[in-house]
Amino acid sequence: MSFAFESADNFWLYVCAPVLVAFISLPIMRLFSSKNHFPVNGRTVVITGGSQGMGRALGKLLAQKGANVFIVARDVGKLEAAVEYISAAAQDPQSQRFHYISADLTHSSENIRIIDEITTWNNGSPPDVVWANAGMSTPQLFIETPIETLRSQMEINYWAATYLAHATLKKWLQPLISPPSSSDTKATITSSSSPSLPRHFIFTGSSVCYVGVAGYAPYAPAKAAMRSLCDTLRSELNLYTGAIASARKSSPSSSSASSIPPEIKIHTITPGTISTPGNLYENKSKHPITHILEEGDPVQSEDEVARVAIKALEKGHYLASTQFLGEAMRVSALGGSPRNGVVGVRDVLFGWVCAVAWLVVGPDMERKVWRWGFEHGVEGKAGTA
C-alpha cells in the first residue's frame, strides 16, 4: 500500500500534530512521575570506572544524596583521589561510607571478586545498586583498526559489563537459584511482610548504539550489544520477579524475610559527548569525517551527565539519553525496547516526529561521508576535522 502527502500543508499537519499532542500531554505526565523510583539514601552503590569522568561525577552526586559509594577502576592513585573527592560531598559524613577496589574488569573472575569483597565490606549484604560504567572508545575506520583493538574494545565495553552483570545477578538471586534440598524438588522460598526496595543494575551505554556513525566501528557494536543484553535481561528477570511475588503472596508473614531477594530493575543510560579525559583520548585517533558528523553535537560536562542520568532513574526510566539529540536518536531506534513516559505516549509521539526528521538527517549524514571521500580520498589526519 502506498501513501503520499496530498500537499505541503498536509505534510506539516502530520509532523506538527504529534508535537502539539506531546506538549499537551506533558502536564498530565508530570502528575504520574512525582515518585522517586531511585532512592539511594543509606544504600550502597557500586560504580565501575569511578576514578574519573562520568563515574566520579556519579559518585559525587550519589554521595550528596546520602549513598555509601564504592568505586572500581585500575589506577590506585586515581581511585584514592576520587574517593577523597566523592566523600567530601557526603550528605552525612558521620554515617556514610566510601571505599574503592582496584581490578581489571575484563576478567570474569575479577568481577566475582569485586562483588564478594563489596558484600563483605557491606556487612554481609550485597550492594543495592551496581553501575557498570567502565568503558573507553578508540574510534577509527573499521579496516584500519587492528584486530587486537577490535577485540579489546569489545572486552572493555561489552564483556566487562556482562561479567559484572552476571556476577551481580547471581549474587542477588542466589536465594532463588540455590540447589534444592534432598527432600524437595525445588529450592524453598520464604517471604517477607515488607518487601525491600528494588535493587538496580545500570549500564552506561552510548548514543552511538542507536545510529551508525562512520569511525565508531570499534566501539559502537559493543554498546549496541550492551543495549540488547539490557533488553534481554529486562525480559528474563520477569521470571524471577514472578517467583518473588508468588513467594510473598504464599507466605506473607514469614519470619525468614532475608531469604527473599528484592525486585531487580535494569537500566541503560546512553550519553553522547562528555568533556572528560576520555574524550581527549578519543580525539587522538578519530577520523576527520567523524568530527564532521559530530559537528554541532552538544558537549556535556561530567556533572551535567550525572545529574541528568540520575534524574532519569528517579523518574523510573529504563532506557534514557542525557541530551535532546540523544533522545531523538533513542526514540528513532527503540524497536522492542520499552517506552518512557505514561504508557509510552511521550516516546511514541516524539518517535513519529523523529521518523520524519530522519528522512532528511540520515541522507545528509551519508552525503557528508561520501563527499569527504570524493574530495579527500580515504586518508586524513587523525584527530582533526
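The values are calculated or read from the model by the stated rules, or taken from the named source; none is laboratory data. Predicted, not measured: the structure shown is a model, and the values here were computed from it. Please note: Cβ atoms are built from the backbone with ideal geometry, for glycine as well, and neighbour counts cover all protein chains shown.
Scanning the stretch 49-103 for residues that are touching a residue at least 60 places away in the same chain (Cβ under 8 Å) and aliphatic (A, V, I, L, M) yields Met54, Ala57, Leu58, Leu61, Leu62, Ala67, Val72, Ala73.
Looking at the structure I just gave you, is Ala328 touching a helix residue (DSSP H, G or I) at 6+ places or on another chain (Cβ under 7 Å), modelled with pLDDT of 70 or more, within 18 Å of Ile266 (Cα to Cα) and assigned to a helix (DSSP H, G or I)? It is false that Ala328 is touching a helix residue (DSSP H, G or I) at 6+ places or on another chain (Cβ under 7 Å), modelled with pLDDT of 70 or more, within 18 Å of Ile266 (Cα to Cα) and assigned to a helix (DSSP H, G or I). Looking across the stretch 217-244 at every residue that is in a helix (DSSP H, G or I) and among the small types (Gly, Ala, Ser), the one that is surrounded by the fewest Cβ atoms within 10 Å (Cβ to Cβ) is identified as Gly242. Among the residues of the stretch 261-283, just one is hydroxyl-bearing (Ser, Thr, Tyr), at pLDDT below 85 and crowded, with 16+ Cβ neighbours inside 10 Å, namely Thr276.
The residues in the stretch 54-78 that are surrounded by 22 or more Cβ atoms within 10 Å (Cβ to Cβ), touching a strand residue (DSSP E or B) at 6+ places or on another chain (Cβ under 8 Å) and assigned to a helix (DSSP H, G or I) can be counted, and the count is 7.
Contact annotation: residue pairs with Cβ atoms under 7 Å, 6 or more positions apart or on different chains, pairing a residue in the stretch 204-223 that is over 22 Å from Val305 (Cα atoms) with a partner that is in a helix (DSSP H, G or I) and aromatic (Phe, Trp, Tyr), are Ala217/Phe142.
Mind listing whichever residues of the stretch 202-216 are of a type outside the set (Gly, Ala, Ser) and part of a helix (DSSP H, G or I)? Correct list: Val208, Cys209. None of Arg234, Arg248 is in contact with a strand residue (DSSP E or B) (Cβ under 6 Å, 6 or more places away or on another chain) and among the charged types (D, E, K, R) except Arg234. When the stretch 284-324 is filtered for residues that are of a type in the set (Lys, Arg), farther than 16 Å from Leu62 by Cα and either in a helix (DSSP H, G or I) or at pLDDT 90 or above (or both), only Lys284 remains. If you go through the stretch 307-316 one residue at a time, do you hit one that is closer than 30 Å to Phe374 by Cα and buried (at least 16 other Cβ atoms within 10 Å of the Cβ)? No: zero hits. Val46 meets all of the listed conditions (1) touching a strand residue (DSSP E or B) at 6+ places or on another chain (Cβ under 9 Å); (2) modelled with pLDDT under 95; (3) not acidic (Asp, Glu) but one, namely (2).
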